[in-house]
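Chemist: Here it is, the structure, as structure tokens.
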Amino acid sequence: MNKSFFTIKNILTVLLLMFIGIQFIDVKKNISQDQSANAIGNHYNVPPKVQSILKTSCYDCHSNNTIYPSYSKIQPVKWWLADHVNAGKRHLNFDEFNSYSREKKLEKLDEIVETVKEGEMPLASYTVIHQDAKLSASDRAEIEKWVSETKKGIK
């Protein structure tokens, strides 16, 4: 019994030291000082209501600027958030939207409507903490209308 106790104590000590150690490993934050020339709002009409919805519900993961919550300073959460934001930006980046081909722009706009309609975006894991990011029926309708108008301008 005494031997088991020391083994568990040693394991817990090592785990604690590892947890403390990983706190010093940093990741690059998704914060840009400059607005991208390719930002969607620079090339297409984004009404103020839609812009507000996008900033609140989409931009943390789908732009070049993330507003980080206080818990993002703790590892391994910091790694998880960095990976999540990078994946979101690879899929769709509103700040780089105009760099996409015509076909990709139309595809991404269709995906926006589909994921919003299906309730896939914003992610439930995001809206649990960011309650204001939840989309109402009128928010979804505004996005659909905006996407439809934007697609006409691209075609």
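Chemist: How are the Cα pair distances of the stretch 61-103 distributed, in percent, across 10 Å bins from 0?
Modeler: Whole-percent P(r) values from 0 Å outward: 28, 45, 20, 7, 0.
Chemist: Follow-up question, since we're still on this one. Could you grab the Rg to Rh ratio for the chain? Cα atoms only, Kirkwood for Rh.
Modeler: Rg/Rh: 1.15.
Chemist: What part of the accessible area of the chain, given as a whole %, is carbon or sulfur when the probe is 1.4 angstrom?
Modeler: 59 percent
Chemist: Separate question: Using 26 Å as the Cα-Cα cut-off, could you pick out the over-long pairs in Lys29/Lys134; Lys49/Lys155; Lys78/Lys151; Lys105/Lys145; Lys105/Lys134?
Modeler: The pairs that break the limit, which is 26 Å between Cα atoms, are Lys78/Lys151.
Chemist: Still on this structure: Just subtract the alpha-carbon distance of Met18 and Ser125 from 0.36 nm times their residue separation and send over the number in nm, one decimal.
Modeler: Result for the pair: 35.9 nm of gain on full extension.
Chemist: Per residue of the chain, what 222 nm ellipticity follows from adding -39500 (n - 2.57) for every DSSP H run with n ≥ 4, rounded to the nearest 500?
Modeler: Computed ellipticity for the chain at 222 nm equals -18000 deg cm²/dmol.
Chemist: I've got another one for you. If you average the alpha carbon positions of the stretch 99-123 and of the stretch 53-77, how far apart do those two centres end up, in angstrom?
Modeler: The two parts, judged by their Cα centres, are 19 Å apart.
Chemist: Still on this structure, I have one more. For Asn64, enumerate residues with amide H under 5 Å from its amide H, sequence gap 5+ or separate chain, H modeled in the peptide plane.
Modeler: Amide H neighbours of Asn64, under 5 Å, 5+ apart: Asp95.
Chemist: Provide the per-residue ³J(HN,Hα) series for the stretch 68-80, in order, calculated from phi with Karplus coefficients 6.51, -1.76, 1.60 and θ = phi - 60°, each as a whole number of Hz, with x at glycine and proline positions.
Modeler: Ordered by residue, 3J(HN,Hα) equals 8, x, 4, 5, 6, 8, 9, 7, x, 4, 4, 5, 4 Hz.
Chemist: Per residue, how many Å² of accessible area does the chain show with a 1.4 Å probe?
Modeler: With the other protein chains kept in place, the chain gives 64 Å² per residue.
Chemist: Okay, next question. Could you give each residue of the stretch 105-119 its phi-based ³J(HN,Hα) in whole Hz, using Karplus coefficients 6.51, -1.76, 1.60 with θ = phi - 60°, and x for Gly or Pro?
Modeler: 4, 5, 4, 5, 5, 4, 5, 4, 4, 4, 5, 6, 4, 7, x
Chemist: Right, something else. Tell me, what is the Rg over Rh of the stretch 66-142, with Rh the Kirkwood radius over Cα pairs?
Modeler: 1.01
Chemist: Further question: Just the C-alpha atoms of the stretch 26-86: what Rg/Rh do they give, with Rh taken as the Kirkwood radius?
Modeler: Here the Rg-to-Rh quotient is 1.03.
Chemist: Could you sort Glu103, Glu142 by accessible area so the largest value comes first, with the probe set to 1.4 Å?
Modeler: So the residues, ranked largest to smallest area, are Glu103, Glu142.
Chemist: At a 1.4 Å probe radius, which order do Arg90, Arg140 fall into by accessible area, largest first?
Modeler: The most accessible residue leads, giving Arg90, Arg140.
The values are calculated or read from the model by the stated rules, or taken from the named source; none is laboratory data. What you are looking at is a predicted structure, and each value in this text was computed from that prediction instead of being measured. Heads up: the accessible areas ignore ligands, DNA and RNA and are worked out on the full protein's heavy atoms, side chains in. Shrake-Rupley method; radii C 1.70, N 1.55, O 1.52, S 1.80 Å.
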